[in-house]
Amino acid sequence: MVRSLIQLTVPCLTVLLVACGSGGEKPEAKSANAANSETAAAASTEGAAEPEAADDSTAEAEKAPEPEQIKPSEVLTTPDVAFAFDYNSSGLKEKHEEKCKSVKDNPSALAACLNRERAAFKADVIQFFKDAENKLTFVVYVRKGNTLAQVFEAPAEFADETGSSVTLKLAAGGHGSQQICAGQREIPLRLPDKYGIEIDDPKWGKLTYASKVGIVPQKPPK
């Protein structure tokens, strides 16, 4: 009877031990699943916040004001500013070199030829002057040594203005020799930037001018 009881008891203990072991693993599995769910929820919350930040930055960019563009007429009439002829950047230099190419192998003769041709062009400085009554005057100067002498003056107005160009319309009553676009009452002006002017002259070709401060009186001489 005892041997039979032992044999029956041992298998029962084995079954109980196995049951206890398998029963202890289930809480660990549930705990791991809960941690995974919390991690996924946190990642989902973080991902949902990103579009809001992007929307805010886009809204701020849309609200930012654009820089105000200066009109060509405002650039040209800046107080105490005139525009000096840039010989090396103009088509006039190419014309002179072509005309003097017969003496290009003689440096002194070439220099004399170029100086002679350059002296024939007298629109060394131009100015667009507005008086206290907002009346516009176009003035042309020739350089003589370290001084400037006025060679032309005429009342004028601006027309057909765009973001990078404007037309100068000369009125009757001018004094002197016009020099630029001679005989034309309308002179198209291009402004590639706020520091320079380009003019296409039928006689001289492309003329380039660069802005300078304080090189001529603010008020044109009479």
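Determine the alpha carbon to alpha carbon distance for each of K93/K212; K99/K130; K101/K206; K99/K194; K71/K212 and list only those over 28 Å.
Over 28 Å Cα-Cα: K99/K130; K99/K194.
Using the alpha carbon gyration tensor of the range 145-213, what are the three equivalent-ellipsoid semi-axes (square root of 5 times each eigenvalue), largest first, in whole Å?
19, 17, 13
Let me test this: with uniform point scatterers at the alpha carbons of the range 72-213, what is the Debye-based log₁₀ I(q)/I(0) at q = 0.16, 0.17, 0.20, 0.21 1/Å?
Listed by q, the Debye log ratios stand at -0.85, -0.94, -1.25, -1.37.
Are there GluC sites (Glu not before Pro) in the range 111-166 that DSSP puts in a loop and that have at most 14 other Cβ atoms within 10 Å, and which ones?
Here the GluC sites (Glu not before Pro) that fit, given the DSSP loop and packing criteria, are E133, E161.
As an exercise, identify the chymotrypsin sites (Phe, Trp or Tyr not before Pro) in the range 130-218 lying in DSSP coil whose Cβ has no more than 15 other Cβ atoms within 10 Å.
When the chymotrypsin sites (Phe, Trp or Tyr not before Pro) of the range 130-218 are filtered for loop state and at most 15 Cβ neighbours within 10 Å, Y195 remain.
Show the residues, 5+ positions off or on another chain, whose built amide H is closer than 5 Å to the amide H of L189.
Residues meeting the amide H criterion: V166, T167, L168.
Pop out the ³J(HN,Hα) list for the range 157-171 in order, Karplus 6.51 cos²θ - 1.76 cosθ + 1.60 with θ = phi - 60°, rounded to Hz; leave Gly and Pro as x.
Couplings: 8, 9, 8, 6, 7, 10, x, 9, 7, 7, 9, 8, 9, 8, 8 Hz.
Which FRET efficiency value, to the nearest 0.05, do you get for S102 and A172 by plugging their Cβ-Cβ distance into 1/(1 + (r/R0)^6) with R0 = 35 Å?
Calculated value: 0.25.
Bear in mind that the values in this text are calculations on the coordinates, not laboratory data. This one's a predicted model, so the numbers in the text were calculated from it and none came from an experiment. Cβ coordinates were reconstructed from backbone atoms using ideal geometry, including for glycine residues, and neighbour counts include every protein chain displayed.
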